[in-house]
Amino acid sequence: MKESKVMVIGLDGATFDLIDPFIQAGELPNLERLISEGSRAPLRSTTPSATFPAWTSFATGVNPGKHGIFDFTKMKPRSYRIEFLNSSHRKYPAFWEVLSKLGKRVCVVALPGTYPPEEVNGIMISGFDSPVATGIDASFVYPKELFRELNSKFGRFPFADFQELVIEQGWHDLAFERLLSGLKRKKDIALHIFKKEKWDLFLILFGEADTVSHHFWCAFDEASPRFVPELASKHREAIRKIYRELDSTIGELVDEAGEEYHVLLASDHGFGGAGDKIFYINRWLEKEGFLAFRKTGGAFSRNIDSLKRTGMRFVPPKAQEWLLRSPLKHLAANLEAKSRFGMIDWEKTKAFSEELNYAPSIRINSEGERPQGVVKESKYVDLAREIVQRLNELEDPFTAKKIVKRVHLREELYSGPFVPEAPDLILELELDNGYSYSCLKTSPSENPSPLRKMERWEYIGAKGRSMNGSHRPEGIFILKGEGVKSGSRLEEAEIIDITPTLYYLFNIEIFKDMDGSVLISAFEEEYRDRNRVKHAETTGGFGFKVRERPYSGKEAREVEERLRALGYLE
């Protein structure tokens, strides 16, 4: 088999629901060319379709139960505390590790879940989960010597984050300018690095489609119940313009790669509009008798949120570093845990939710698993079934339609040694006339109903409120190159299929415990006959060591601020 070279372009949040009509309007000529000359498929994300587990499954070919990343954070065993996760917590090798060990030259730029950067056989620049809030040191770059070169030539690396606490008048003007300038700078950096040598694998991630869709959907979609005409008058074309810029960037990268490279495009999930209804899971659990709030819970939670958002902002950086050394180094994670759970009366609670908007789920307060757990092992299954049954019966009082599409037991969704770290129940919500429900944090002293409609001032989505665009399960897959069918449409593909497909292109054996499969129907029959899929007798863990390197206290706080600014923490 001929030695392959592959260029992978990640488009966080990209969806054919936008790409196809933009192509029909003649606005995305490069994507149109790639699709006509290659194969495409809707790419099913993880459940839930959350950034960290999705990109980690993309990079490993296995489900979260095997790689151990279910979210940006995880709940610590036998506690109500949380821990911020990074690449060192991944328990299964990513394709860049395997390729590096086989002597391939690899370059990975800006992919979420790659901090701290790994010592690959090449270059790695971490994604937005890097705690380097201003990009002023080399900790997110490997090798570190590359940082000075890039910083002097291009300036601060564009993480495409927005640190404003409140979305006020003029915010969208600034955000859109930053998206455009950051995209251009990242493209220039990518082209600069790509031209350094003939990489065997080159990967670059662009997050702009995700960010613009989160914040500008209410200006783009006139049918949205959260459409804001005042914003649309100025920014109706924002999403369309970002897709056009991405298309132009893709064209430059693909032209630079030439015919020598296979080109693979993928997104971690798709996108759609968020509706005007909020579902408070913990309020619903309280109404159903599964959860109890402390009498002072509302004030306590608000005080913690205030401390998290403002408490450290006026402390000088040097003093911050001192404050966040041991034994205070876990301050950020502890504050986040207090914000999520500080209002709950554990001794009277059987089940609770972290109330993550992008990953609605429920955990059982089990004896032995939690310090104040009240649910005995013998009662666990009955309780889980009861919660599932009541969720399945839950109706939207405004429409009399179901709110919950399906409730998964974690053992149904995931397999592998890390399944016990997942929430006990994972919720898939119905769309409300095509728009998603928002799941926000319950305030015990407010919002007496589990479901309410937003006020108009909430439509844009200030901090503590849902963003006006939200994730959908179907992302994109496009592949072009030697042996790939032209103009082919695959019926289905999953994000766990990307790594096996890359291994196939590199003539590498597929680990026997890998969940994904080679997307073999994307290739011509003659190519498949010459290049058979190879399966290894070893598992993915063979020869690879897991070395966890938790965030320091300062890093954890900076990561929390970035995730909150991006809307992943409410």
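Would you grab the residues whose amide H sits under 5 Å from the one on Phe271? Only those 5+ places off in sequence or on another chain, please, with H modelled 1.01 Å from N.
Here the answer is Arg472, since their amide H atoms fall under 5 Å of that of Phe271.
What is the calculated FRET efficiency for Arg489 to Val533, with r their C-beta to C-beta distance and R₀ = 30 Å, to the nearest 0.05?
0.90
Just report the Cα centroid separation between the stretch 208-229 and the stretch 414-477, whole Å.
Using only Cα atoms to place each centre, the spacing works out to 17 Å.
Search the structure for amide H atoms under 5 Å from the amide H of Leu111, placed 1.01 Å from N in the peptide plane, and list their residues when 5 or more places away or on another chain.
The answer is Gly127, Leu205.
Mind sorting Glu237, Glu177, Glu421 by how few other Cβ atoms lie within 10 Å of their own Cβ, fewest first?
Placing the least packed residue first, the sequence is Glu177, Glu237, Glu421.
Suppose the chain between Ser79 and Asp255 were pulled fully straight at 0.36 nm per residue; how much longer would it get relative to their current alpha carbon spacing?
58.1 nm
What does the highest-first list of 448-457, 74-83 look like by mean Cβ count within 10 Å?
Top of the packing list down: 74-83, 448-457.
If each residue of separation counts as 0.36 nm, what is the full-extension length gain between His192 and Glu119 once their alpha-carbon separation is subtracted?
Taking 0.36 nm per residue and subtracting the Cα distance, the gain is 24.2 nm.
Can you compute 3J(HN,Hα) from phi for each residue in the stretch 222-230, using the Karplus curve 6.51 cos²θ - 1.76 cosθ + 1.60 with θ = phi - 60°, rounded to whole Hz and x for Gly and Pro?
Calculated HN-Hα couplings, in order: 5, 7, 5, x, 10, 4, 10, x, 4 Hz.
If you count, for each residue, the other Cβ atoms within 10 Å and average over each peptide, how do 108-117, 188-197 line up from highest to lowest?
Put in order of decreasing packing, that is 108-117, 188-197.
Taking amide H atoms as placed 1.01 Å from N in the peptide plane, list the residues 5 or more away in sequence, or in a different chain, whose amide H sits under 5 Å from that of Ile123.
Excluding prolines and chain starts, which carry no amide H, the hits are Val106, Cys107, Val108.
Using 0.36 nm times the number of residues separating Asp382 and Glu3, minus their current alpha carbon distance, what extension gain do you get?
So the extension gain works out to 130.9 nm.
Every number here is computed from the coordinates shown, using simple stated rules; none is lab data. Everything quoted here is computed from the prediction, not taken from an experiment. Cβ coordinates were reconstructed from backbone atoms using ideal geometry, including for glycine residues, and neighbour counts include every protein chain displayed.
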